[in-house]
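Step one of this worksheet: look at the structure below.
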Amino acid sequence: ATPLLALDDDVLAANIARFEALVRTRGIDVCYAGKALLFVGLARRIDASALGLDVCSQGELLTGEAAGIAPARMVFHGCGKTHDELDAVASGRVGRVVVDHHDELRALANLANAARPIKVLLRVNTGIEAHTHAYVRTGGEESKFGFPLGGVAAAVAFALASPGMRLVGLHSHLGSQIFDAAPYDASLPILLDAYARALEAGAPLTDLVLGGGFGVDPIPGAARFDLESAVATLVADLAAGARARGIAAPRLGLEPGRSIVADAGTSLYRVIAIKHQGARKFAIVDGGIADNPRPALYGAYHHPTLANRTSDAASEETTVCGRSCENDRLVVADLPVDLAPGDLLALGTTGAYTYSMASNYNRFPRPAIAFAGAGKHVLGVRREASADLLRNDVR
Ligand code: LLP
């Protein structure tokens, strides 16, 4: 049944392997950012890899636990952790936590147990703005995330004075869908300065995490972010920067989300109707803003292809819309003029932030997720049933 999110096993495996190579050859600590897409079957793939898991909610943590990922391989994120989540951190259900602000530091200090100190990283807002969509930019003065540079020393001092905390590193994340190594290069010396000052203050730091954000181009065959060369530069700059400051080079950490799952995912839709309004041709499909909100939210492009047959017909501009009760345009693209009800349309690069941001708007059920490869498929997440939609309604 459609809509369906299909995850290409080979692409997923290749993306994971690409980051595993950085773990193995460069000693980089890589955690998959589960917010991009997470369910037990996918978490199991992460568990079987050399990657750790970055979780930012009770739900993501439970998913990692259900997949059997050891606490030491999970790190807890978020700028507004609830009491329950901080409790999960303090009770050792994750190996590390990235603390976003002072109130959280205080709350954690109260929950922490000196017999089993919590490994803490401080999220630093370096003030560097990545050139990406404003909604997904997380560094810079207009962003709510992290300690401002001027606040890091006080946070370090507070953590050092808390017996239940062990300060192990600094963290920064600049934004998402970044295609340029420059913002990473620009924030590195700023972070290294803060890192060196924290060492000087007596913090036993070992780690510097630069976050995720590596862009995935939605145009088939387009050049991707050159991860390997960006990382090579960062590793060299890190070593040189550490030497210049007279400190040991920290272990580098990365948190890719999109670059692991985006291009592995394809959303499949059935065309319900073809219609014309004035000069515009519409194809209405059996999904929309509920299962695929990124076009509406970020103006995201997901490349469409006719998936159930080949067509020699000429192409014409077609506006593909969902079936929600509003203008939920998914994409405008050239598609065969003979596109007809019953045809299957595939929208590419929907592995990241599509299912994970899906809703039940219009009380539509969320789609199923299937791993696909080598002529067979395995269900990863069942399609929601009508009963699921009513599950929480009080009768
Ligand atoms: N680390 C932290 C602390 C993050 O906040 C994020 C993403 C990542 C890592 C992973 O970033 P990635 O490698 O996936 O770019 N919903 C938006 C994207 C929001 C990204 C949020 N943070 C979208 O659909 O484009």
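One line per residue, one yes/no per condition, for (1) more than 16 Å from the chain's Cα centre (by Cα); (2) assigned to a helix (DSSP H, G or I); (3) away from the ligand (no atom under 13 Å from the Cβ):
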site: T25; (1), (2), (3): yes, yes, yes
site: L38; (1), (2), (3): no, no, no
site: E60; (1), (2), (3): no, yes, no
site: G64; (1), (2), (3): no, yes, yes
site: V75; (1), (2), (3): no, no, no
site: G80; (1), (2), (3): yes, no, no
Every pair of residues 6+ apart whose Cβ atoms lie under 7 Å, when the first sits in the range 71-94 and is touching a residue at least 60 places away in the same chain (Cβ under 8 Å) and closer than 18 Å to A114 by Cα while the second is surrounded by fewer than 22 Cβ atoms within 10 Å (Cβ to Cβ) and of a type outside the set (A, V, I, L, M, F, W, C): A90/N113
Residues being away from the ligand (no atom under 16 Å from the Cβ), touching a residue at least 40 places away in the same chain (Cβ under 8 Å), assigned to a helix (DSSP H, G or I) and not hydrophobic (A, V, I, L, M, F, W, C) - total across the range 148-207: 6
Condition met for V216 (among the β-branched types (V, I, T) and either surrounded by fewer than 18 Cβ atoms within 10 Å (Cβ to Cβ) or not in a loop (DSSP other than H, G, I, E, B) (or both)): no
Pair list, Cβ < 8 Å and 6+ apart or interchain, from the range 270-282 residues that are in contact (Cβ under 8 Å) with a residue 40 or more places away in the chain to residues that are of a type in the set (D, E, K, R) and assigned to a strand (DSSP E or B): I274/K281
Sole exception among (1) at pLDDT below 95; (2) surrounded by fewer than 16 Cβ atoms within 10 Å (Cβ to Cβ); (3) within 30 Å of L297 (Cα to Cα) for A114, by number: (3)
Tally of residues being in a loop (DSSP other than H, G, I, E, B) and surrounded by fewer than 22 Cβ atoms within 10 Å (Cβ to Cβ) across the range 40-58: 5
Test: residue in the range 138-147 that is crowded, with 16+ Cβ neighbours inside 10 Å, modelled with pLDDT of 95 or more and of a type outside the set (G, A, S): yes
Residue list for the range 82-113, filter: closer than 23 Å to G150 by Cβ, assigned to a loop (DSSP other than H, G, I, E, B) and in contact with a Leu (Cβ under 9 Å, 6 or more places away or on another chain): D100
So L238, is it within 16 Å of the ligand (Cβ to nearest atom), modelled with pLDDT of 95 or more and over 28 Å from L347 (Cβ atoms): no
Test: residue in the range 265-282 that is more than 16 Å from the ligand (Cβ to nearest atom) and aromatic (F, W, Y): yes
Among the candidates G221, G169, G211, G202, residue that is surrounded by fewer than 23 Cβ atoms within 10 Å (Cβ to Cβ) and modelled with pLDDT of 95 or more: G202
Hey, L344 within 18 Å of A1 (Cβ to Cβ), exposed (fewer than 15 other Cβ atoms within 10 Å of the Cβ) and among the hydrophobic types (A, V, I, L, M, F, W, C) or not: no
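The values are calculated or read from the model by the stated rules, or taken from the named source; none is laboratory data. All figures in this text were calculated on a predicted structure; none of them were measured in a lab. Cβ sites come from the backbone with ideal geometry, for glycine too, and all protein chains shown count toward neighbours.
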